[in-house]
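Engineer: What follows is a structure written as structure tokens; I'll ask about it next.
No value in this document is a laboratory result; all are computed from the given coordinates. Here the structure is a predicted model, which is why all the values come from computation and not from measurement. Methodologically, a virtual Cβ is constructed for each residue, glycine included, from the backbone with ideal geometry; neighbour enumeration extends over all protein chains shown.
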Amino acid sequence: MIYGNDWQRSFYQTNNMNMKIYRASLLSALTCELGEGACWWRERNSWCWVDILGYSIYMRDVNCFQQRFDTGDYVTTLAPVAGRDELVAGIKDGIAFFSPEQGMSSRIAVLEKRSQVRCNDGKCDPAGRLWIGTMQMPPEEGTGNLYCISGKTAPELKLAGVTISNGLVWTGNKMYYNDTHTRTVQQFSYDASTGAITFTRVAIHIPPELGWPDGMAIDGEGMLWIAHWGGYGVYRWNPATGELLGKVEMPAPHVSSCAFGGPGMDEMLITTAREHMTAAQIAEYPLSGSVFHVRLPIKGLPANYFKY
């Protein structure tokens, strides 16, 4: 991934004077190689996230008690499970359940068995299906896929030939999706009853100076909050108009995922990464790989739960 250019970012923001700027604070100083999977676990009053390349799941409750769990292999995304005191986790080749007490279960579904391919980002739709993508290591154009898992049924291929499958959100009869490589947010029509999707348009084009779209969340006004890899922030976009509305500024270039949460759903957890950074770049941005928090004047939508 490329790094954003400071001058270009300043120029772009100066010419978007209606942008609202928020500043994140440090929640936990870490050195995650690839922090990802930001999630609010309401039943535990806890923020959760992963370090994909560090084989780790983290939990931090509202009393600031933080735990790290070694998974022994890739773990890529997390989502709460309906009716169970567990999370569903993306792993190397499929999904498994996780709890702090029992650790990781054996896989409950297999997506792909290609040795150089792993799962990446995933989220649940309003009907309780888990959507999760795959990507090659290192990424190669068109070698990943997007799958949907409905309960105990076999994974269904939804999109073939993606590159770096990332952020997913739903609102009404629309689904928004990031294939990072395309530097766009794609809009699909979405049928909640069947899970069928149809591409309708490109909703947002990310200019090169703002990095690449990674993880994504949605607020109560239907605006998209996108973590920009190489963009030093989480950016708020209007998917109807493509307008840039705001930014959460970050002291790290590689911003990888974001999630609304907290008791009032007006807080956001933001993960970052050190992957692909040189020693000089880490010296310049030493908080890269840490996890951040910001309180916002806008409430987010709660996470959808996986129905198994």
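Engineer: Report the local net charge at Ile91: Lys and Arg +1, Asp and Glu -1, summed over other residues whose C-beta lies under 12 Å from its C-beta.
Structural biologist: 0
Engineer: Kindly put Val234, Val248 in sequence by how many other C-beta atoms sit within 10 Å of each C-beta, fewest to most.
Structural biologist: So the ranking, lowest neighbour count to highest, is Val248, Val234.
Engineer: Tell me which trypsin sites (Lys or Arg not before Pro) from region 114-201 have a DSSP coil assignment and no more than 14 other beta carbons within 10 Å of their own. Each step should come with its number before you reach the end.
Structural biologist: Numbers: sites: Arg114, Arg118, Lys123, Arg129, Lys152, Lys158, Lys174, Arg183, Arg201; in loops: Arg114, Arg129, Lys152, Arg183.
Of the trypsin sites (Lys or Arg not before Pro), the ones in loops of region 114-201 whose Cβ has at most 14 other Cβ atoms within 10 Å are Arg114, Lys152.
Engineer: Which of Gly35, Ala280, Leu130 sits closest to the plus end of the dipole of region 6-295, meaning its Cα is farthest towards the positive end, when Lys and Arg get +1 and Asp and Glu get -1 on the C-beta?
Structural biologist: Leu130
Engineer: To continue, here is another question. Ratio of alpha-carbon Rg to the 2.2 N^0.38 Å globular estimate for the chain, to two decimals, please. Before the final figure, lay out the partial values.
Structural biologist: Details: Rg = 17.6 Å, N = 308, 2.2 N^0.38 = 19.4 Å.
Rounded to two decimals, the normalised Rg is 0.91.
Engineer: How big is the charge dipole of the chain about its Cα centre, in debye rounded to the nearest 20, if each Lys and Arg gets +1 on its Cβ and each Asp and Glu gets -1 on its Cβ? List each step's numbers first, then the result.
Structural biologist: Numbers: 26 positive and 30 negative charges, 89 e Å.
The calculation lands at about 420 debye.
Engineer: Another one. Can you sort His293, His205 by how many other beta carbons sit within 10 Å, fewest first? Before the final figure, lay out the partial values.
Structural biologist: On the way: His293 17, His205 12.
With the sparsest Cβ surroundings first, the list reads His205, His293.
Engineer: Can you give me the long-range amide H partners of Ile204? Hydrogens built in the peptide plane at 1.01 Å from N, cutoff under 5 Å, separation of 5 or more residues or another chain.
Structural biologist: It is Val185, by chain and number.
Engineer: Ignoring everything except DSSP H segments at least 4 long, calculate the 222 nm mean residue ellipticity for the chain; use -39,500 (n - 2.57) per segment, divide by total residues, nearest 500.
Structural biologist: -1500 deg cm²/dmol
Engineer: When the label point is put 7 Å from the Cα of Arg23 along its Cα-to-beta-carbon vector, which residues of region 258-293 have a backbone N closer than 17 Å?
Structural biologist: 286-287, 292-293
Engineer: For the chain, set up a Gaussian network in which alpha carbons nearer than 10 Å are linked by springs, and say which option among Ser257, Ser25, Ser288 fluctuates the most.
Structural biologist: Of the options given, Ser25 has the highest mean-square fluctuation.
Engineer: Follow-up. What FRET efficiency comes out for the pair Glu140/Glu243, r = Cβ-Cβ distance, R0 = 30 Å, nearest 0.05? Walk me through the numbers before you get to the answer.
Structural biologist: Working: r = 33 Å, r/R0 = 1.10.
Once the sixth-power term is evaluated, E becomes 0.35.
Engineer: In what sequence do Leu244, Leu168, Leu157 fall when counting other Cβ within 10 Å, fewest first?
Structural biologist: Least crowded to most crowded, the residues run Leu157, Leu244, Leu168.
Engineer: Oh, and also: Please report the antiparallel percentage of DSSP beta bridges with both residues in the chain, rounded to the nearest 5.
Structural biologist: Close to 95 percent.
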